[in-house]
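Derivation of every value follows stated rules applied to the coordinates shown; laboratory data play no part. Every value quoted in this text rests on a predicted model; they were computed, and no experiment measured them. Note: ideal-geometry Cβ built from the backbone for every residue, glycine included; neighbour counts use all protein chains shown.
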Amino acid sequence: MKNIVVIGGSKGIGREIVSSQINLGNKCYNFSRSNLEISHNNLVQEKFDILNDELPPVENIDALIYCPGSINLKPILQLKEEDFINDFNINVLGAVKSVKSFLNTLKKGDNPSIVLFSTVAVSQGMPFHSSVSVAKAGIEGLTKSLAAELAPNIRVNCIAPTITRTDMAKRILRNEKIEENIANKHPLKKICEAKDISDMADFLISSRAKNITGQIMHVDGGMSTLKI
Ligand SMILES: NC(=O)c1ccc[n+]([C@@H]2O[C@H](COP(=O)([O-])OP(=O)(O)OC[C@H]3O[C@@H](n4cnc5c(N)ncnc54)[C@H](OP(=O)(O)O)[C@@H]3O)[C@@H](O)[C@H]2O)c1
């Protein structure tokens, strides 16, 4: 049985990862501001805010997945310095804090690895994404730096999703017409589901990915690389 720490496992992609890892027979720790409304012998939960609280100690960890993020989309003239700082804090400094808190424990794990989250809006320029793309580009840099620094012991990878049906995206995917338009902008003509992303996270923390590190995995219906 593996021990998986998910920061932000109460909603969206993190919730999907927690549920699939529990189904695989692994033990999951969900550290978020709210708890999942399920109880299970293999689920440990503690309410926690990455911006204000210290992470609780965990004895054994094989994988750390950092999910908190933001979609703060505004034209550049409406973005205040504070927006950039807030996006950097939740996306980048929260991830750094999590990695530092658990690094020594992770080093003793079985095929240990870290998964971070970027966005398709780093490799594809998109209007109104200035603040979040700055923060997520930081995550991509962090992924590569940490992967180099922690090799050969700990693998570090990043997933860069396109817009995905979760709580975070519900203000954007707010009706069927909008969903259809957005799906049609993707080469694969689909809206990405949280399970599409959690499948990639499950793979990256598994032994099947034992030779993969420092990668940005684009789960985006082809959007970042294809023009058709
Ligand atoms: N959904 C998309 O369209 C999309 C697209 C590209 C990239 N991404 C990235 O993918 C990642 C996951 O996104 P998602 O859509 O699953 O987001 P989500 O539905 O908003 O879930 C985020 C999770 O993080 C937790 N969280 C947020 N702030 C926190 C804090 N201060 N302290 C502790 N936990 C906190 C939330 O739980 P609580 O509220 O209970 O704390 C929740 O469990 C993010 O990094 C996001 O930027 C998402």
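Near the amide H of residue 156, within less than 5 Å, lie the amide hydrogens of 114, 214, all on another chain or at least 5 residues away, with H placed in the peptide plane.
Of the GluC sites (Glu not before Pro) in region 36-67, the ones in a loop by DSSP (not H, G, I, E or B) with at most 14 other beta carbons within 10 Å are 37, 54, 59. When both region 128-180 and region 1-20 are represented by their alpha-carbon centers, they are found 16 Å apart.
In sequence order, region 210-221 has phi-based couplings of 5, 10, 10, 8, x, 9, 9, 8, 8, 9, 8, x Hz under the Karplus curve 6.51 cos²θ - 1.76 cosθ + 1.60, θ = phi - 60°, and Gly or Pro positions carry x. Shown is the FRET efficiency for residue 226 and residue 60, computed with R0 = 35 Å from the Cβ-Cβ distance and rounded to the nearest 0.05: 0.25.
Considering only 32, 113, 123, the mean-square fluctuation computed in a Gaussian network model of the chain, springs between alpha carbons under 10 angstrom, is largest for 123.
Considering only 78, 45, 21, the Gaussian network model of the chain with Cα springs below 10 Å gives its largest mean-square fluctuation to 78. Relative contact order of region 168-221: 35 percent, from C-alpha pairs under 8 Å at least 6 residues apart in sequence. Candidate cross-link partners of residue 108 among the aspartates and glutamates, defined by an alpha-carbon separation under 15 Å and a same-chain spacing of 8 or more, comprise 59, 62.
Sites listed here are trypsin sites (Lys or Arg not before Pro) in region 185-226 whose DSSP assignment is loop and whose Cβ has at most 16 other Cβ atoms within 10 Å: 185, 189, 190, 210. Please find the FRET efficiency linking residue 83 to residue 126, where r is the Cβ-Cβ separation and R0 is fixed at 22 Å, and quote it to the nearest 0.05. Efficiency at R0 = 22 Å is approximately 0.85. Couplings 3J(HN,Hα) of region 89-101, computed from phi: 4, 6, 7, 9, 5, x, 5, 4, 4, 5, 4, 5, 5 Hz, in residue order, whole Hz [Karplus 6.51 cos²θ - 1.76 cosθ + 1.60, θ = phi - 60°; x for Gly and Pro].
Taking 7 Å steps out from each Cα toward its Cβ at residue 100 and residue 145 produces label points 1.2 nm apart.
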